[in-house]
Amino acid sequence: MSLLEEIFRNTYSIELPQTPEYQALREKGNRFWEYIEERAGAECIEKYWDDFADMEAAGHFHYFREGFLLGASLMLELRS
């Protein structure tokens, strides 16, 4: 399947790095949020993550769009 087909069919995905350094950072982040949840409470953290997820989704779409426009612009520049 071509890259264009994967994007169209919503099967394209980017794998997260599996390096030991990345895994260590994820563990550190998980421990931090467990610490925060103990002090702020699960309800507060759930509200935060709901709002954060919306914000992140908007940001990711913006960066995806900008990256796509950059790629398309570069392709058009190559043709001229």
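The values are calculated or read from the model by the stated rules, or taken from the named source; none is laboratory data. Owing to the predicted nature of the structure, the values given are computational and were not obtained by experimental measurement. Using ideal geometry, Cβ is built from the backbone for each residue, glycine included, and neighbour counts are taken over all protein chains shown. Only protein heavy atoms, including side chains, enter the accessible area calculation; ligands, DNA and RNA are left aside. Shrake-Rupley method; radii C 1.70, N 1.55, O 1.52, S 1.80 Å.
Data for the structure
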item	result
Hits in region 19-40 - residues which are assigned to a helix (DSSP H, G or I), open to solvent by less than 90 Å² (accessible area, probe 1.4 Å) and under 30 Å from LEU3 (Cα atoms)	TYR22, GLN23
Extreme residue, least open to solvent (accessible area, probe 1.4 Å), among residues of region 63-80 that are more than 16 Å from LEU4 (Cα to Cα) and among the small types (Gly, Ala, Ser)	SER73
Conditions (1) hydrophobic (A, V, I, L, M, F, W, C); (2) part of a helix (DSSP H, G or I); (3) modelled with pLDDT under 90; number of the one not met by LEU16	(2)
Every residue from region 41-55 that is open to solvent by 70 Å² or more (accessible area, probe 1.4 Å) and either touching a residue at least 12 places away in the same chain (Cβ under 8 Å) or acidic (Asp, Glu) (or both)	GLU43, GLU46, ASP50, ASP51, ASP54
